[in-house]
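Below is one structure; the comments refer to it alone.
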Amino acid sequence: MFYKFLNRSISNNISELHPIAMRYLSDDIEKNDDKAAADRLKVVRDYTLLHQHFEADPKRLYIINRNYLNFLKAITFLYQTSSLSIQTGVAMAPLEVYSTINSVKKSFDDAVAILNLK
């Protein structure tokens, strides 16, 4: 019950940040053909697969949602603080932001591979 409440709260935050982050990443791909942005868009696909897989497990879904929210916050922070591409933003960003993006990407990649989701 507690995790269902937390998931609702996090889902609201994700709903606000998701379109903003996707717009930033999509624009970067269109304008700069940025491979790093394309790799980060893959996180969205992995998130969707993991979300569908763990819908019946509110605790694990909370963990996935929390990681994805942190990812969205980091992406949004990078684009709002940098007028250049995400690669430049990541290079100039605090270590915590860079670490968040990479760790969420890696954990989602690993989870999708281990669970054999397609």
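The values are calculated or read from the model by the stated rules, or taken from the named source; none is laboratory data. These numbers come from a predicted model, not from an experiment. All Cβ positions, glycine included, derive from the backbone under ideal geometry; neighbour counts span all protein chains shown.
Just for region 104-118: of the residues that are in contact with a helix residue (DSSP H, G or I) (Cβ under 9 Å, 6 or more places away or on another chain) and part of a helix (DSSP H, G or I), which one is surrounded by the fewest Cβ atoms within 10 Å (Cβ to Cβ)? Spell out the reasoning first.
Taking region 104-118 and keeping what is in contact with a helix residue (DSSP H, G or I) (Cβ under 9 Å, 6 or more places away or on another chain), we get 104-105, 107-109, 111-112, 115, 117-118.
So of that shortlist, the ones also part of a helix (DSSP H, G or I) come out as 104-105, 107-109, 111-112, 115.
On the way: Val104: 24, Lys105: 17, Ser107: 17, Phe108: 22, Asp109: 14, Ala111: 20, Val112: 18, Leu115: 12.
The selected residue is Leu115.
So, of the residues in region 68-87 that are among the hydroxyl-bearing types (Ser, Thr, Tyr) and either exposed (fewer than 13 other Cβ atoms within 10 Å of the Cβ) or modelled with pLDDT of 85 or more (or both), which turns out to be farthest from the chain's Cα centre (by Cα)? I'd like the intermediate steps shown before the answer.
Let us first name the residues in region 68-87 that are among the hydroxyl-bearing types (Ser, Thr, Tyr), namely 68, 76, 79, 81-83, 85.
Applying the additional criterion that residues be either exposed (fewer than 13 other Cβ atoms within 10 Å of the Cβ) or modelled with pLDDT of 85 or more (or both) yields 68, 76, 81, 83.
On the way: Tyr68: 4, Thr76: 10, Thr81: 18, Ser83: 20 Å.
Among those that are among the hydroxyl-bearing types (Ser, Thr, Tyr) and either exposed (fewer than 13 other Cβ atoms within 10 Å of the Cβ) or modelled with pLDDT of 85 or more (or both), it is Ser83.
Only one of these is of a type in the set (Val, Ile, Thr), at pLDDT 95 or above and in contact with a helix residue (DSSP H, G or I) (Cβ under 6 Å, 6 or more places away or on another chain): Ile29, Ile14. Name it.
Values: Ile29 fails: at pLDDT 95 or above.
Selected residue: Ile14, the only one of Ile29, Ile14 that is of a type in the set (Val, Ile, Thr), at pLDDT 95 or above and in contact with a helix residue (DSSP H, G or I) (Cβ under 6 Å, 6 or more places away or on another chain).
Name the residues in region 1-32 that are of a type in the set (Ser, Thr, Tyr) and more than 27 Å from Ser82 (Cα to Cα), would you? Explain how you work it out, then say what you get.
So the first thing to find is which residues in region 1-32 are of a type in the set (Ser, Thr, Tyr), and the list is 3, 9, 11, 15, 24, 26.
Scanning region 1-32 gives Tyr3, Ser9.
Could you give me the residue pairs with C-beta distances under 9 Å whose first residue belongs to region 102-114 and is in contact (Cβ under 8 Å) with a residue 60 or more places away in the chain and on the phi < 0 side of the Ramachandran plot, whose second residue is surrounded by 17 or more Cβ atoms within 10 Å (Cβ to Cβ) and of a type in the set (Val, Ile, Thr) wherever it lies, and which are 6+ apart or on separate chains?
Hits for this filter: Val104/Val43; Lys105/Val43; Phe108/Val43; Phe108/Ile64; Asp109/Val43; Ala111/Ile64.
For Glu55, which of the numbered conditions (1) without any contact (Cβ under 8 Å) to a residue 40 or more places away in the chain; (2) of a type in the set (Asp, Glu); (3) assigned to a helix (DSSP H, G or I) fails to hold?
(3)
Among the residues of region 1-9, is any modelled with pLDDT under 85 and over 19 Å from Leu115 (Cα atoms)?
Yes, region 1-9 contains a residue that is modelled with pLDDT under 85 and over 19 Å from Leu115 (Cα atoms).
Do you know which of the residues in region 58-84 that are among the small types (Gly, Ala, Ser) and in a loop (DSSP other than H, G, I, E, B) is nearest to Ile10 (Cα to Cα)?
Here the residue is Ser82.
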